[in-house]
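A.B. asks: Can you read through this structure? Questions will come right after.
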Amino acid sequence: MAFFRSVTALSRLRSRVDLHSQLKEMIPEQQERLKKVKSELGKAQLGNITVDMVIGGMRGMTGLLWETSLLDPDEGIRFRGLSIPECQKLLPAAKPDGEPLPEGLLWLLLTGKVGGGLRCDMISCTEQRAGRWLVQGIERSCHCPRPVPYIPLELHIICVVEYYVYKAIDALPVTAHPMTQFASGVMALQVQSEFQEAYEKGIHKSKYWEPTYEDSLNLIARVPVVAAYVYQRIYKDGKIIPKDDSLDYGGNFSHMLGFDDPKMLELMRLYVTIHSDHEGGNVSAHTGHLVASALSDPYLSFAAALNGLAGPLHGLANQEVLLWIKSVVDECGENVTTEQLKDYVWKTLNSGKVVPGFGHGVLRKTDPRYTCQREFALKHLPDDPLFQLVSKLFEVVPPILTKLGKVKNPWPNVDAHSGVLLNHFGLAEARYYTVLFGVSRSLGICSQLIWDRALGLPLERPKSVTLDWIEKNCKKAA
């Protein structure tokens, strides 16, 4: 019997080897074929689009309705029509001339209005009959430096995270990537989905938005708790730091992570706000929309979005930036000269790598999210050595990338700056940074998801084609 098992195992191994060999032989041929299609047929029309758009990541195609934000190649992001500087000026803040509160941005994303009522510096927490802590839209007596109309907020956001969520995370090795642990925690939250329950009870499709609304706000409230636990589990002693009911969303997130410096609280408010949304075509936003279009609930949809965000070409880039900057310091020292920096940039490029934090798929100017972080640094940490290095990179990198002639946008993006700010205040664990991005992105993705359901947007199902189809149809059209 053991002999037959060995023979079977050997046969399977040979099959795998043969399959691998077949693919290894075929892949270079298909790569060359794709290059030929790009060069010879890239501009060919396929209806209203081109072959380049089909095989180039759908860039340049308009194919999604996304109400909460719009990205202009030259201006950058606008949240419901407001630029980042306008949001900093108009949205409520926790203190005079402070950074905008994420709650204020959430109100803006959902309603298109600059509203009060959801709080100036805090939405108070009160214990409900069920014994769960709910965030309620109760205006507290507090200083509001920016006059805004009072708009009562009827939110009931469940902030509690059940014990089984922590157990689900604890089932993973502590060495698992923070995004793996975070996404697993969000999946465990799905057990409490009100949309799933309502759908199973036969809710009419015209009312889909209502349990989606409840799930979305509950999710937004819970993800900082899950994210903070992931941080404490991996990098600290695993202790859960309870919420501080005197703090706002961003401030509380910082507090639960273990950072209570008032400047760090302000940074987290800014960070969450500017990372919240970036229209619908990026990987995480599009993934969330795509999965939700199948009527998956917000928890399933957002968990899928997080898995997209974890990719090196998307949210993981902010981790790569800080690691690259530290590698510059390791090789050249903190007082690196401009010439040394140029040499290191060329060394990176000549090794076949990119300079992380520069360029963007849509933007053609400096990312305004970079600019507002730079202004924060000039205000709060002008002498930080890594910030000064980032400032030098702003002068050195764009001319080099422009000289290459292959880069459409040589300017810094949001990732070029965020890690240095977080590092300054002690949050130096770069592998964790994408989790912060994920918490922030919950505001934008969930806000749009509510509107997807309210507007009755359909299942997303684009048409795909093969290389054979492209070659045959383009020849016919020629």
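The values are calculated or read from the model by the stated rules, or taken from the named source; none is laboratory data. Values in this document were obtained by computation on a predicted structure and should not be read as measured data. Here the Cβ is made from the backbone with ideal geometry for all residues, glycine too, and neighbour counts use every protein chain on show. Calculation scope for accessible area: heavy atoms of the full protein, side chains included, ligands and nucleic acids excluded. Shrake-Rupley method; radii C 1.70, N 1.55, O 1.52, S 1.80 Å.
A.B. asks: Leaving out ligands, DNA and RNA, what percent of the accessible area of the chain is carbon and sulfur, probe 1.4 Å?
C.D. replies: The nonpolar share, carbon plus sulfur, comes to 56 percent.
A.B. asks: Mind grabbing the base-10 log of I(q)/I(0) for the range 32-79 at q = 0.24, 0.25 Å⁻¹? Debye formula, identical points on the C-alpha positions, no solvent, two decimal places.
C.D. replies: So the normalised log intensities work out to -0.87, -0.90.
A.B. asks: Here is a follow-up. Equivalent ellipsoid semi-axes for the range 332-478, as square roots of 5 times the alpha carbon gyration tensor eigenvalues: give them largest first, rounded to whole Å.
C.D. replies: Equivalent-ellipsoid dimensions as semi-axes: 36, 26, 13 Å.
A.B. asks: Would you list, by chain and number, the aspartates and glutamates whose Cα falls below 15 Å from the Cα of Lys207, excluding same-chain residues fewer than 8 positions away?
C.D. replies: Glu194, Glu197, Asp215, Asp297, Asp452
A.B. asks: Net charge near Val336, counting Lys/Arg +1 and Asp/Glu -1 over other residues with Cβ under 15 Å of its Cβ?
C.D. replies: Counting the neighbours of Val336, the net charge comes to -3.
A.B. asks: Another question about this same structure. Over the heavy atoms of His177, what accessible area does a 1.4 Å probe trace out, to the nearest 10 Å²?
C.D. replies: Rounded to the nearest 10, the figure is 40 Å².
A.B. asks: For a quick check of your reading of the filter: which GluC sites (Glu not before Pro) in the range 302-378 sit in a DSSP loop and have no more than 12 other Cβ atoms within 10 Å?
C.D. replies: Glu334
A.B. asks: Relative to the present Cα-Cα distance, how much length would full extension add between Leu172 and Asp384 at 0.36 nm per residue of separation?
C.D. replies: The Leu172-Asp384 span can extend by a further 72.7 nm.
A.B. asks: Quick one: ranking Tyr433, Tyr208 by accessible area, 1.4 Å probe, largest first, what do you get?
C.D. replies: The ordering from most to least exposed comes out as Tyr208, Tyr433.
A.B. asks: Given the convex hull of the Cα atoms of the range 293-348, what is a quarter of its surface area in nm²?
C.D. replies: Taking the Cα atoms of the range 293-348, their convex hull projects to 5.4 nm² on average.
A.B. asks: How long are the semi-axes of the equivalent ellipsoid of the range 23-108, taking √(5λ) for every eigenvalue λ of the Cα gyration tensor, in whole Å from largest down?
C.D. replies: Result for the range 23-108: semi-axes of 44, 16, 11 Å.
A.B. asks: List the lysines whose alpha-carbon lies under 30 Å from that of Lys36, not counting same-chain residues fewer than 8 positions away?
C.D. replies: Cα-Cα hits under 30 Å: Lys24, Lys353, Lys403, Lys406, Lys408, Lys463, Lys472, Lys475, Lys476.
A.B. asks: To two decimal places, what compactness ratio does the range 181-228 give when its Cα radius of gyration is scaled by 2.2 N^0.38 Å?
C.D. replies: Here the answer is 1.25, to two decimals.
A.B. asks: Please name which of Gly456, Met53, Tyr249 has its Cα lying farthest along the dipole of the chain towards the positive end, using unit charges on Cβ (Lys, Arg +1; Asp, Glu -1) and the Cα centre as origin.
C.D. replies: Met53
A.B. asks: Taking the solvent-accessible surface of protein heavy atoms with a 1.4 Å probe, what is the per residue accessible area of the chain in Å²?
C.D. replies: 49 Å²
A.B. asks: Continuing with the same structure: Helix hunt in the chain: which complete DSSP H runs extend at least 20 Å axially by C-alpha with mean Kyte-Doolittle at least -0.5?
C.D. replies: 209-235, 317-332, 385-404, 433-454
A.B. asks: Any idea what Rg and Dmax come out to for the range 234-372 if you just take the C-alpha atoms, in Å?
C.D. replies: Every Cα atom of the range 234-372 included, Rg and Dmax give 18.7, 55 Å.
A.B. asks: If the cut-off is 17 Å between C-alpha atoms, which lysines fall inside it for Lys89, apart from same-chain ones fewer than 8 positions away?
C.D. replies: Output for Lys89: Lys113, Lys379.
A.B. asks: Still on this structure, please answer the following. How big is the Cα convex hull of the range 254-323 in projection, averaged over all directions, in nm²?
C.D. replies: Here the figure is 5.8 nm², rounded to one decimal.
A.B. asks: Still on this model: Given a 1.4 Å probe and the protein chains all in place, what does the accessible area of Ile400 round to, in Å² to the nearest 10?
C.D. replies: Surface open to solvent at Ile400 totals about 10 Å².
A.B. asks: Can you give the accessible area of Asp383 in Å² (nearest 10), computed on protein heavy atoms with a 1.4 Å probe?
C.D. replies: The accessible area comes out at roughly 120 Å².
A.B. asks: Determine, for each peptide in 185-191, 344-350, the mean count of other beta carbons within 10 angstrom over its residues, then list the peptides with the highest first.
C.D. replies: Most protected by this proxy first, the peptides run 185-191, 344-350.
A.B. asks: How large is log10 I(q)/I(0) at q = 0.12, 0.14 Å⁻¹ when the Debye formula is applied to the Cα atoms of the chain, each weighted equally and without solvent?
C.D. replies: -1.14, -1.42
A.B. asks: Still on this structure, I have one more. Over the alpha-carbon set of the range 247-292, work out the extent along each principal axis and list the three values in angstrom, largest first.
C.D. replies: Largest to smallest, the principal-axis extents are 38, 16, 14 Å.
A.B. asks: Dipole magnitude of the chain about its Cα centre, charges +1 at Lys/Arg Cβ and -1 at Asp/Glu Cβ only, in debye to the nearest 20?
C.D. replies: 1600 debye
A.B. asks: What ranking of Leu295, Leu341 comes out by heavy-atom accessible area, probe 1.4 Å, highest first?
C.D. replies: Per-residue accessible area, sorted high to low, gives Leu295, Leu341.
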